[in-house]
Amino acid sequence: MKCATGPVCGRYQFVPQLLFLNALFGYLSILILIKWCQGSKADLYHVIIYMFLSPGSDLGEDQLFWGQSNFQAQLHPMHKICT
């Protein structure tokens, strides 16, 4: 879908895409740092996939910090709005 250049394109396409990508990759970067610091064997691939498939569910052994499932459940609506 081609969009006309101007403020409408920037406001309704570029900004939501920027928010989505920064939130997703920023969160993944923080998870990587936490995993390295803790020496955890959590599988980040499954953490990111299940963040979208079943937000707020119990992560079990893949949980890296307290309240992670609640935090992911709060990110999920923002991702839906941005897409």
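The values are calculated or read from the model by the stated rules, or taken from the named source; none is laboratory data. Just so it is clear, the model here is predicted, and its values are computed rather than measured. Quick reminder, even Gly has a Cβ in these numbers, built from the backbone with ideal geometry, and neighbours come from all protein chains shown.
Just a few scattered comments:
- Candidate set from region 43-61 (those that are of a type outside the set (Phe, Trp, Tyr) and more than 13 Å from Gln72 (Cβ to Cβ)); member that is nearest to the chain's Cα centre (by Cα): Asp43
- For region 1-58, a residue qualifies if it is of a type in the set (Val, Ile, Thr) and either modelled with pLDDT of 85 or more or surrounded by 11 or more Cβ atoms within 10 Å (Cβ to Cβ) (or both), and the qualifying residues are Val15, Ile30, Ile32, Ile34, Val47, Ile48, Ile49.
- Helices (runs of 4 or more DSSP H) within region 6-83 that include 1 or more residues hydroxyl-bearing (Ser, Thr, Tyr) and in contact (Cβ under 8 Å) with a residue 24 or more places away in the chain: 15-38
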